[in-house]
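Before any comments, here is the structure.
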Amino acid sequence: MDSNAQFVEWAVVGSDIGPLLLAATGQGLVNVVFHADEAVRDRAVRALAARFGTEPVRAVPGRTVLLEEPIRQFAAYFDGRLRAFTLPLDWSLASGFNRQVLRELAAGVPYGTVVGYGDLAGRVGQAKAAQAVGAAMGANPLPVVVPCHRVVESGGGLGGFGGGLETKRQLLALEGVLPQPLF
């Protein structure tokens, strides 16, 4: 193992929006990946291996070291019992402007609220950078925990979403921002 390598643990957990891959390092939760079927999972694990210089280890239920609390908090969030994640986060998959915007989003846009792309750009001192904020949302390595689903168009549109617009609608409905679908 490379001396710069870091232990990475991963697991796929079920959720109301489909399977999610969660990955953590000793620093904290480092990655959340939507729609984690076998192909998506394999790509994500390979990308983590390349980034961290070590083969990520699949978590063993009951013996997981790093993912026990993230798994518990995700279950509580989807059950409607958790409104704010209190997990240590490993920000190593985000840098520069993206990290700045994602940290502001995590700290300043609570459960059940939304913010416009331009408004979020203004919060980080870059009022004209709405498109760059959109790109940062698309590159968010920690969706749901760092709630990019809460960033919407100023005119009321949903905007884009890396997990798909139906997933964004479901997350916003869970948080009471949008009505629950009738069927």
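The values are calculated or read from the model by the stated rules, or taken from the named source; none is laboratory data. Nothing here was measured: the structure is a model prediction, and the numbers come from that model. For neighbour counting, all protein chains shown are included, and Cβ atoms are generated from backbone atoms with ideal geometry for every residue, glycine included. Just so you know, the surface numbers come from the protein's heavy atoms only, side chains and all, with ligands and any DNA or RNA stripped out. Shrake-Rupley method; radii C 1.70, N 1.55, O 1.52, S 1.80 Å.
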Q | Count of residues meeting criterion [out of contact with any strand residue (DSSP E or B) (no Cβ under 6 Å at 6 or more places or on another chain) and either modelled with pLDDT under 90 or over 19 Å from residue 16 (Cα atoms) (or both)] in the stretch 159-170 | A | 2
Q: Take the stretch 48-86 and flag every residue that is more than 12 Å from residue 9 (Cβ to Cβ), among the hydrophobic types (A, V, I, L, M, F, W, C) and over 16 Å from the mean Cα position of the chain (by Cα).
A: 49, 50
Q. Of (1) buried (at least 19 other Cβ atoms within 10 Å of the Cβ); (2) farther than 12 Å from residue 24 by Cβ; (3) among the aliphatic types (A, V, I, L, M), residue 76 satisfies all except one. Which?
A. (1)
(Q) If the requirement is being farther than 25 Å from residue 35 by Cβ, of a type in the set (A, V, I, L, M), out of contact with any Pro (no Cβ under 9 Å at 6 or more places or on another chain) and in a loop (DSSP other than H, G, I, E, B), which of these qualifies: 107, 127, 121? (A) 127
Q: Check whether at least one residue in the stretch 54-66 is of a type in the set (A, V, I, L, M) and within 28 Å of residue 108 (Cβ to Cβ), and report yes or no.
A: yes
**Q.** Qualifying residues in the stretch 50-68 (those that are among the hydrophobic types (A, V, I, L, M, F, W, C) and without any contact (Cβ under 8 Å) to a residue 40 or more places away in the chain) - the one surrounded by the most Cβ atoms within 10 Å (Cβ to Cβ)
**A.** 60
Q: Return the total of residues in the stretch 69-98 being of a type in the set (D, E, K, R), part of a loop (DSSP other than H, G, I, E, B), touching a residue at least 12 places away in the same chain (Cβ under 8 Å) and out of contact with any Gly (no Cβ under 7 Å at 6 or more places or on another chain).
A: 1
Q) If you go through the stretch 141-166, how many residues are surrounded by fewer than 20 Cβ atoms within 10 Å (Cβ to Cβ) and either among the polar types (S, T, N, Q) or part of a loop (DSSP other than H, G, I, E, B) (or both)? A) 9
Q: Of the numbered conditions (1) modelled with pLDDT of 95 or more; (2) open to solvent by 60 Å² or more (accessible area, probe 1.4 Å), residue 111 fails exactly one; give the number of that condition.
A: (2)
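Let's see how each residue does on (1) within 15 Å of the chain's Cα centre (by Cα); (2) in contact (Cβ under 8 Å) with a residue 40 or more places away in the chain:
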residue	(1), (2)
130	no, no
137	yes, no
144	yes, yes
148	yes, yes
151	yes, yes
163	yes, yes
172	yes, yes
Q. Quick one: is residue 16 acidic (Asp, Glu), farther than 18 Å from residue 141 by Cβ and open to solvent by 50 Å² or more (accessible area, probe 1.4 Å)?
A. yes
